[in-house]
Amino acid sequence: MAWPAGALSDRIGRRGLIAAAWLIYALCYAGFAVATSAIWVVPLWIAYGTYYALSEGVGKALVADMAPTELRATAFGILNSVQGVMILPASVIAGLLWSLIAPPAPFWFGAACAGAAVVLLLTTVHPAKGK
């Protein structure tokens, strides 16, 4: 899915595909929150893989589109640094929600964060290239 998603983003733009990917993520996490049977694990993981394939390469292409040429490596360094630094607090929050509230809580939180990210993406990110 990643290769076709990249090709599609070259034709139609990146923001819409990333927004779609994050909506798929939100739906997957909501699905994990409400799943009452293990039968849902396989289709939800397949959908989650679709989110990942849509977002990973296309997101990096958006960074490349938006960063000035002379700062492109810096932009990728910042992206990877922020992602790496945020993994620990995200994991701690998920663990606390799971332990102190209920196992579905971190999934609802993740779904809500993804939904908020879609709104922020579509209202604040306006790339000069890549639509």
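The values are calculated or read from the model by the stated rules, or taken from the named source; none is laboratory data. The structure presented is a predicted model; accordingly, all values stated were derived computationally and were not measured. Glycine gets a Cβ as well: all are built from the backbone with ideal geometry, and neighbour counts include every protein chain shown.
Within region 97-106, identify whether any single residue is aliphatic (A, V, I, L, M), at pLDDT 95 or above and in contact with a Gly (Cβ under 7 Å, 6 or more places away or on another chain), and answer yes or no.
No, that holds for no residue.
Among the residues of region 88-131, how many are in a helix (DSSP H, G or I) and closer than 25 Å to residue 35 by Cα?
Of the residues in region 88-131, 25 are in a helix (DSSP H, G or I) and closer than 25 Å to residue 35 by Cα.
Could you check, for region 26-39, whether at least one of its residues is within 13 Å of residue 117 (Cα to Cα) and at pLDDT 95 or above?
Yes; the residues of region 26-39 include at least one that is within 13 Å of residue 117 (Cα to Cα) and at pLDDT 95 or above.
From the list 94, 75, 33, which one is of a type in the set (A, V, I, L, M) and in contact (Cβ under 8 Å) with a residue 40 or more places away in the chain?
Every option except 33 fails the conditions.
Determine whether region 101-110 contains at least one residue that is of a type outside the set (Val, Ile, Thr) and either within 13 Å of the chain's Cα centre (by Cα) or closer than 15 Å to residue 19 by Cα (or both).
yes
Just need a number here: residues in region 37-68 that are in contact (Cβ under 8 Å) with a residue 60 or more places away in the chain and within 11 Å of the chain's Cα centre (by Cα).
0
Kindly indicate which of 82, 92, 118 is modelled with pLDDT of 95 or more, out of contact with any helix residue (DSSP H, G or I) (no Cβ under 8 Å at 6 or more places or on another chain), under 25 Å from residue 20 (Cα atoms) and of a type outside the set (Ser, Thr, Tyr).
Just one listed residue meets the conditions, 82.
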